[in-house]
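All remarks here apply to the structure that follows.
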Amino acid sequence: MVLLRVDANERPIMSLATLAARRDQAFGAGAPLFYNAPLHIVRGEGVYLFDADGRRYLDMYNNVPCVGHANPHVVEAMARQQGTLNVHSRYLHEGIVAFAERLSALHHAPDGGPTIESIVFSCSGTEANEVALRMARLATGKTGIVCTNATYHGNSEAIGKLTRIGVGGNAAGDVRAIPFPEMLRPLVPGASEAELVEAYLDRLRGAIRSLEEHGTGFAGLIVCSIFANEGLPDVPHGFMTRAAEVVRAAGGLVIADEVQAGYCRGGRWWGYEITGFTPDIVVTGKPMGNGLPLAATAASRKLVEGFRTATRYFNTFASSPLQAAVGMAVLDVIEREALRENAATVGAALKSALAERKARFATIADVRGHGLFVGVEITKTDAARTPDPDKAIEIINRLKDKGCLTSNAGAYRNVVKIRPPLVFALRHVEEFLPAFDATMAEIDG
Ligand code: PMP
């Protein structure tokens, strides 16, 4: 680690080095940090973060504080509830019931498909996905799960099996990965969009068949509704609608992981509205508590009751009055400040400004995304547009030096990921663009 040298004359460097060394000791080395020179952040407000030296950064990365860092309405609700009552879920409490009702009502099944009626709360996206997997396995009596090949759904042993396993990997177990659907590097080069839908569906059918042949049977498909960790690909039109049909025809359930895609991120309440399917089970997490650990697995009453009866699921910190108060406060702010509409309009302006820059900077191969979730694909300038993760990392480090926080993501780690709090406004887009232009001018070519 570069920063281990302590220089008594340069306070910021010394303090970063000292803290980094203490962190290595306290955490054990290996805990990830962002950026070549890590940031020491001490305060947040709205879309801004402030480091120990008082420098202000425009936060274009953090989706958890969706209604803004240190949102006063959320802080007040949290303090008030914690000062009144916070206790586990085995007592009646109206707050958590009302929150579950309000959250369920935000879902709708446009094609008369399964209705979201009941909710199991938990404390992280991983836990909520675990609940979803178990729910699907209990309901179908099968264990086989299909996921995509460059996804991330969480860090537990069972959910970790779904992470970046590679197409065809793990064939002996009860997980199969299919190629994530995309237009930029399509499964069949030169194919029409309709042909691509069929090609990707064939992989799905093949994975289901493989699970059935290996005796585990098929319980369901789990996808991030907008394939966020894969790099926000443009999905061949109609793929997810058809995929959901294929899954149901095979007796499986469709699990929408909305941990990143949900809560207005894409300018719609849910990512499944963007890719056009109706899930049986919806998983949410990150933004729900604006930083308070709060996650949910939502489904029909029948599915939820099947799970509850079989498992007697209990989660000490979940379904608490505190989760309810904070979760309600977040929904209040989203609605009161029209943050869904904000994500749609500001996100569209950001995306089109970046798309314009594709013609100016040769390393930008593609600009994609939905609402306030935009990916800028960085490649070499060869004919194959080979992904260039090193350049993407250079860009995010230089953007950080100019006061804008982003990160890199995607199947090839070459996508500059822009995903600010939902309170990001047009003036913040204006603040970002000069930093982006300067950065691209420095590294392009
Ligand atoms: N699902 C998706 C799509 C995610 O991106 C993540 C976290 N990055 C998770 C689930 C896991 O959430 P958590 O870290 O809260 O367990």
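Are any of the residues in region 318-329 β-branched (Val, Ile, Thr), surrounded by fewer than 18 Cβ atoms within 10 Å (Cβ to Cβ), touching a residue at least 40 places away in the same chain (Cβ under 8 Å) and assigned by TED's automatic domain parsing to the domain that holds ALA261? For region 318-329, residues β-branched (Val, Ile, Thr), surrounded by fewer than 18 Cβ atoms within 10 Å (Cβ to Cβ), touching a residue at least 40 places away in the same chain (Cβ under 8 Å) and assigned by TED's automatic domain parsing to the domain that holds ALA261: absent.
Please determine, by comparing only the residues of region 397-414 that are closer than 18 Å to GLU230 by Cβ and out of contact with any Leu (no Cβ under 7 Å at 6 or more places or on another chain), which one is surrounded by the fewest Cβ atoms within 10 Å (Cβ to Cβ). The extreme case among them is ARG413.
Here are some residues: PHE361, PHE317. Which one is modelled with pLDDT of 95 or more, of a type in the set (Phe, Trp, Tyr), closer than 25 Å to MET183 by Cβ and not in a helix (DSSP H, G or I)?
From the options PHE361, PHE317, the qualifying one is PHE361.
To keep it simple, each residue is scored yes or no on (1) at pLDDT 95 or above; (2) over 22 Å from ALA128 (Cβ atoms); (3) in a helix (DSSP H, G or I).
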residue	(1), (2), (3)
TYR313	yes, no, no
LEU322	yes, no, yes
ALA325	yes, no, yes
SER352	yes, yes, yes
ARG368	yes, yes, no
GLY375	yes, yes, no
GLU394	yes, yes, yes
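Has region 297-317 got at least one residue that is crowded, with 24+ Cβ neighbours inside 10 Å, touching a residue at least 60 places away in the same chain (Cβ under 8 Å), closer than 23 Å to PRO114 by Cα and within 14 Å of the ligand (Cβ to nearest atom)? Looking for residues that are crowded, with 24+ Cβ neighbours inside 10 Å, touching a residue at least 60 places away in the same chain (Cβ under 8 Å), closer than 23 Å to PRO114 by Cα and within 14 Å of the ligand (Cβ to nearest atom), one finds at least one in region 297-317, hence yes.
So that you can scan it fast, the table gives a plain yes or no per residue for (1) closer than 26 Å to LYS351 by Cα; (2) away from the ligand (no atom under 16 Å from the Cβ); (3) out of contact with any helix residue (DSSP H, G or I) (no Cβ under 6 Å at 6 or more places or on another chain); (4) basic (Lys, Arg):
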site	(1), (2), (3), (4)
ILE178	no, yes, no, no
PRO186	yes, yes, no, no
GLU198	no, yes, yes, no
LEU221	no, no, no, no
SER225	yes, no, no, no
GLU230	yes, no, yes, no
ASP234	yes, yes, yes, no
GLY238	yes, yes, no, no
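Condition first: basic (Lys, Arg) and modelled with pLDDT of 95 or more. Can you find one or more residues in region 125-136 that meet it? Spell out the reasoning first.
Of all residues in region 125-136, those basic (Lys, Arg) come to 134.
Next, only the ones that are modelled with pLDDT of 95 or more stay: 134.
Checking region 125-136: at least one residue is basic (Lys, Arg) and modelled with pLDDT of 95 or more.
The sole residue among GLY217, GLY231 that is farther than 23 Å from ALA384 by Cα, out of contact with any Pro (no Cβ under 7 Å at 6 or more places or on another chain) and touching a residue at least 24 places away in the same chain (Cβ under 8 Å) is GLY217. When residues in region 172-193 are screened for being without any contact (Cβ under 8 Å) to a residue 40 or more places away in the chain and hydrophobic (A, V, I, L, M, F, W, C), 6 of them pass. Of the residues making up region 377-392, just one is β-branched (Val, Ile, Thr), surrounded by fewer than 24 Cβ atoms within 10 Å (Cβ to Cβ) and not in a loop (DSSP other than H, G, I, E, B), namely THR379. Taking region 140-152 as the region of interest, how many residues are within 14 Å of the ligand (Cβ to nearest atom) and in a loop (DSSP other than H, G, I, E, B)? Residues that pass the stated criteria total 3. Residues in region 89-139 that are charged (D, E, K, R) and within 16 Å of the ligand (Cβ to nearest atom): GLU127, GLU130, ARG134. Considering region 155-167, the residues that are touching a helix residue (DSSP H, G or I) at 6+ places or on another chain (Cβ under 7 Å) and more than 14 Å from ILE255 (Cα to Cα) include one that is nearest to the ligand (Cβ to nearest atom), namely ASN155. Among the residues of region 262-288, the ones that are under 29 Å from ARG43 (Cα atoms) and either without any contact (Cβ under 8 Å) to a residue 60 or more places away in the chain or in contact with a Pro (Cβ under 7 Å, 6 or more places away or on another chain) (or both) come to 3 in all. Of the residues making up region 242-281, those that are within 26 Å of VAL333 (Cβ to Cβ), more than 13 Å from the ligand (Cβ to nearest atom) and of a type in the set (D, E, K, R) are ARG268, GLU273. All of (1) more than 15 Å from MET288 (Cα to Cα); (2) crowded, with 16+ Cβ neighbours inside 10 Å hold for VAL87 with one exception: (2).
No other residue among LEU106, LEU133 is in contact (Cβ under 8 Å) with a residue 12 or more places away in the chain and either in contact with a Phe, Trp or Tyr (Cβ under 9 Å, 6 or more places away or on another chain) or outside the structural domain of VAL330 (by TED's automatic domain parsing) (or both) apart from LEU106.
The values are calculated or read from the model by the stated rules, or taken from the named source; none is laboratory data. Everything numeric here is computed off the predicted structure, so don't read it as measured data. Positions of Cβ are generated from backbone atoms using ideal geometry, with glycine treated the same way; all protein chains shown enter the neighbour counts.
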